[in-house]
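The values are calculated or read from the model by the stated rules, or taken from the named source; none is laboratory data. Since this is a predicted model, take the numbers as computed values, not measurements. With ideal geometry, Cβ positions are generated from the backbone for all residues, glycine too; neighbour counts draw on all protein chains shown. The protein model used for the area step is the full one, side chains on, heavy atoms only, and it has no ligands, DNA or RNA in it. Shrake-Rupley method; radii C 1.70, N 1.55, O 1.52, S 1.80 Å.
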There are 2 protein chains.
Amino acid sequence: MKLNNKIQRSGILFVISSPSGAGKTTLARKLIEIDSNIELSISVTTRNPRKSEKNNRDYIFVDEKSFGKMVKDNKFLEHAEVFGNKYGTLKQPIIDKLEKGKDILFDIDWQGTQELKEKESKHLVSVFVLPPSTIELEKRLLNRAQDSKEVVKKRMSEAISEMTHWAEYDYVIINDDLEQTLQKLIAILTAERLKRIRQTGLNSFVRKVIF
Amino acid sequence: MKLNNKIQRSGILFVISSPSGAGKTTLARKLIEIDSNIELSISVTTRNPRKSEKNNRDYIFVDEKSFGKMVKDNKFLEHAEVFGNKYGTLKQPIIDKLEKGKDILFDIDWQGTQELKEKESKHLVSVFVLPPSTIELEKRLLNRAQDSKEVVKKRMSEAISEMTHWAEYDYVIINDDLEQTLQKLIAILTAERLKRIRQTGLNSFVRKVIF
């Protein structure tokens, strides 16, 4: 669906969180493909790149020292440590995009979401994606061939801990069907863009219509 | 799109307001046709039925005296006077439906919306539909063959007065394409149903998944 582009609006920070293995990354990728007005926030991270990952596309890969300097220089909107690695979102590019009415997708955990909420609550829309069951979740984690059983077990416990934070989110979706979950995410994004408070150009539009 | 019916949720009072002639009634009818979980609230009114209208289907038609008694007996969730006629929404059927997770569609003006908001704000989702221009609005009002020029002029002035209340609504849609507006209404309804606060069965679902 095409949105009415005549009305100016402010951008959305669209957060999708979920335990790893619940389909979050696939959903985020598909959403970006379908909707041309939202783009993925690229995080800065200290973790090692996986084989398929590219610097400046998937993440901005930096060492511990550089990350520490960015924290000290107050460059981050949010930053957190997950599985022993550090992740952060740079402030300036986000602010620039919000002002232009661009939406930014965040694939972050509950810690990052809490930090974003504290700093940019006006623009934040948060969605928690739940797996339909833990059996399903374990199956999905086991299917990731690159991880050892030890890692799966650790991730499973982390996943359950992540899931306890669902109640801090605006929307909750149970992902029992990837296509339906994607449609629900699109519906949320469409609706949020139609919220009166985001359509900053409405007042002047109505004045033109009435007078 | 099918919603996840496993999770219990509370119903929504879905209000669509707009100046007459902006397409509200057509949109409401189409939405009811498409979505089986929402039904139209049938108002009580003192106005005379139009040729096409049926008692208990389009309105509950009553005389002034009966309407007055209903007000006195506190039977109404909201009531208002529009174009010299009285309209009201009965309380009890609405409360019963909300508890069962049924959504109810309201085709009411800003006065009725304000009253609903005061009494049932937790369940209320309000959408204001704007015409793309006053020229378009006048054209639509003139196309209603049953109204005289005098009536059109009066309605036009009432329409403009109604439009000044757009800023009291949660969502605002500019109806420059009926099909797109309908899709936007469906997106809003879909998103609102996914709000955490409405999904009253989530807590027990997550407990079952985690433990």
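Some points to look at:
- Residues of segment B:155-175 that turn out to be open to solvent by 40 Å² or more (accessible area, probe 1.4 Å), within 7 Å of another protein chain (Cβ to nearest Cβ) and within 16 Å of residue B:140 (Cβ to Cβ), as a count: 1
- Residues in segment B:70-86 that are open to solvent by 50 Å² or more (accessible area, probe 1.4 Å) and either among the β-branched types (Val, Ile, Thr) or part of a helix (DSSP H, G or I) (or both) were compared, and the one that is farthest from residue B:110 (Cα to Cα) is B:72.
- Within segment A:10-26, the set of residues being under 10 Å from the mean Cα position of the chain (by Cα) and assigned to a helix (DSSP H, G or I) comprises A:24, A:25.
- Failed item in (1) at pLDDT below 90; (2) more than 23 Å from residue B:154 (Cβ to Cβ), with residue B:81 passing the rest: (2)
- Index of the failed condition, residue B:111 passing every other in (1) within 9 Å of chain A (Cβ to nearest Cβ); (2) of a type outside the set (A, V, I, L, M); (3) touching a strand residue (DSSP E or B) at 6+ places or on another chain (Cβ under 9 Å): (1)
- In segment B:87-106 there is no residue matching the filter, namely being under 22 Å from residue B:182 (Cβ atoms) and modelled with pLDDT under 90.
- Any hit, segment B:128-142, residues being within 30 Å of residue A:184 (Cβ to Cβ) and in contact with a His (Cβ under 8 Å, 6 or more places away or on another chain): yes
- Some residue of segment B:39-47 being in a loop (DSSP other than H, G, I, E, B) and more than 16 Å from the chain's Cα centre (by Cα): yes
- Residue check, residue B:67 open to solvent by less than 20 Å² (accessible area, probe 1.4 Å), more than 14 Å from chain A (Cβ to nearest Cβ) and free of Cβ contacts under 8 Å to residues at least 24 places away in the same chain: yes
- Positions within segment B:98-115 being surrounded by fewer than 19 Cβ atoms within 10 Å (Cβ to Cβ) and assigned to a helix (DSSP H, G or I), in sequence order: B:98, B:99, B:111, B:114, B:115
- Restricting attention to segment B:62-84, the residues that are polar (S, T, N, Q) and within 22 Å of residue B:13 (Cβ to Cβ) total 1.
- Breaking point among (1) open to solvent by 80 Å² or more (accessible area, probe 1.4 Å); (2) more than 13 Å from the chain's Cα centre (by Cα); (3) in contact (Cβ under 8 Å) with a residue 40 or more places away in the chain, for residue A:118: (3)
- Selected residue [within 11 Å of chain A (Cβ to nearest Cβ), in contact with a strand residue (DSSP E or B) (Cβ under 9 Å, 6 or more places away or on another chain), under 30 Å from residue A:136 (Cβ atoms) and free of Cβ contacts under 8 Å to residues at least 40 places away in the same chain] from B:208, B:184, B:195: B:195
- Segment A:123-153: number of residues that are open to solvent by 30 Å² or more (accessible area, probe 1.4 Å), away from chain B (no Cβ under 14 Å) and in contact (Cβ under 8 Å) with a residue 60 or more places away in the chain: 2
- Scan of segment B:44-57 for residues that are open to solvent by 50 Å² or more (accessible area, probe 1.4 Å) and not basic (Lys, Arg), ordered by number: B:48, B:49, B:52, B:55, B:56
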